[in-house]
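K.L.:
Below: one structure in structure tokens.
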Amino acid sequence: MGHALGLYRRLIAANIRSQTSYRVSFWLESLASFIAAITAFLTLALILERFNNIAGWTLWEVAFLYGMVETAFGVMGMLFSGFDPQTFGVQVRLGHFDQLLLRPASITLQVLGSEFILRRLGRIAQGLLVLGLVFTHLHFHWTVAKLLYLPVVFASLVAFYGGLFVIGATLTFWTVESIEAINIFTYGGSELMAYPMNIYQTWMRVFFTYIVPAIFLNYYPALYFLDKPDPFHLPVMVHFLAPAAGFGILAAGLTFWRYGLRHYQSTGT
């Protein structure tokens, strides 16, 4: 374990040195990422300011959902960027993945440490800024249980998106090129989870409850933190299913990844 962690730290350090070697470019990219993300939130804020609320959720309540998703997705984008289906398929097609297989180290660890995109800091900073504004504008009734559960929910969101990235990357073993449909659950999923789930049609809520358990990762925890009633009248325990949903998807993704490795056939490039 110590050797693996040491290898991972060295891979990440090499990535950071590479990306910060051109500091002006790095900071401009991070700033551009921040501006793009904050512009999206300002658009949402202007819409909600015009209509006052959305399905009974005020601007700052929706901002809580938005800030959690944006920050978690940004952190995941740094930690799991090696598994990003949009770029991993290219590595498979060009034969770069075969080079990793020849090295005497864990292939999962190598892929995990192959990318560490620092420009995601812009998205993370924007998410944290939104959450900071939320905590100053909303009056939370904090308890010890809520304070302990908040970082668990955040980690569960990161694990959930990371698991989807791993699943998408594994699919490219057979498709070679990335499948755009997986973006519905990764990038599209982050957009969906930034809004209250009760605004969506029944079939969509059913899908993202019983097939992809996204509803338990942000919406139900938010109901708990904000002391809002559950419009679907599910058992109280669903507010606390975030760890099972998030880390369950990550575990499923890693199991699928190991299956894909056993059946991987090189493209011959």
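K.L.:
Among the candidates G77, G89, G95, single out the residue that is at pLDDT below 85, in contact with a helix residue (DSSP H, G or I) (Cβ under 7 Å, 6 or more places away or on another chain) and under 15 Å from A169 (Cα atoms). Reasoning before the result, please.
P.N.:
Numbers: G77 fails: at pLDDT below 85; G95 fails: in contact with a helix residue (DSSP H, G or I) (Cβ under 7 Å, 6 or more places away or on another chain).
Exactly one of G77, G89, G95 is at pLDDT below 85, in contact with a helix residue (DSSP H, G or I) (Cβ under 7 Å, 6 or more places away or on another chain) and under 15 Å from A169 (Cα atoms), namely G89.
K.L.:
Another question, if that's okay. From L94, L147, L59, L102, grab the single residue that is closer than 30 Å to M237 by Cβ, surrounded by fewer than 16 Cβ atoms within 10 Å (Cβ to Cβ) and out of contact with any Phe, Trp or Tyr (no Cβ under 7 Å at 6 or more places or on another chain).
P.N.:
Working: L94 fails: closer than 30 Å to M237 by Cβ; L59 fails: surrounded by fewer than 16 Cβ atoms within 10 Å (Cβ to Cβ); L102 fails: closer than 30 Å to M237 by Cβ.
After ruling out the rest, the residue left standing is L147.
K.L.:
Only one of L133, L129 is within 16 Å of I35 (Cα to Cα) and at pLDDT 80 or above; which?
P.N.:
On inspection, the qualifying residue turns out to be L129.
K.L.:
Right, another one. Anything in the stretch 157-205 that is within 15 Å of the chain's Cα centre (by Cα), within 24 Å of L94 (Cβ to Cβ) and modelled with pLDDT under 90? List them, or say none.
P.N.:
Passing the criteria: I182, N183, T186, Y187.
K.L.:
Now for a different question. Sort out which residues of the stretch 40-81 are assigned to a helix (DSSP H, G or I) and more than 28 Å from A159 (Cβ to Cβ), and write them in order of number.
P.N.:
L42, T43, A45, L46, I47, L48, E49, R50, F51, L59, listed by residue number.
K.L.:
Where in the stretch 185-253 are there helices (runs of 4 or more DSSP H), lying fully within it, with 3 or more residues that are in contact (Cβ under 8 Å) with a residue 12 or more places away in the chain?
P.N.:
It comes to 187-192, 219-226.
The values are calculated or read from the model by the stated rules, or taken from the named source; none is laboratory data. It should be emphasised that the depicted structure is a prediction, and the values quoted were computed from it without experimental measurement. Backbone-built Cβ (ideal geometry, glycine too); neighbour counts: all protein chains shown.
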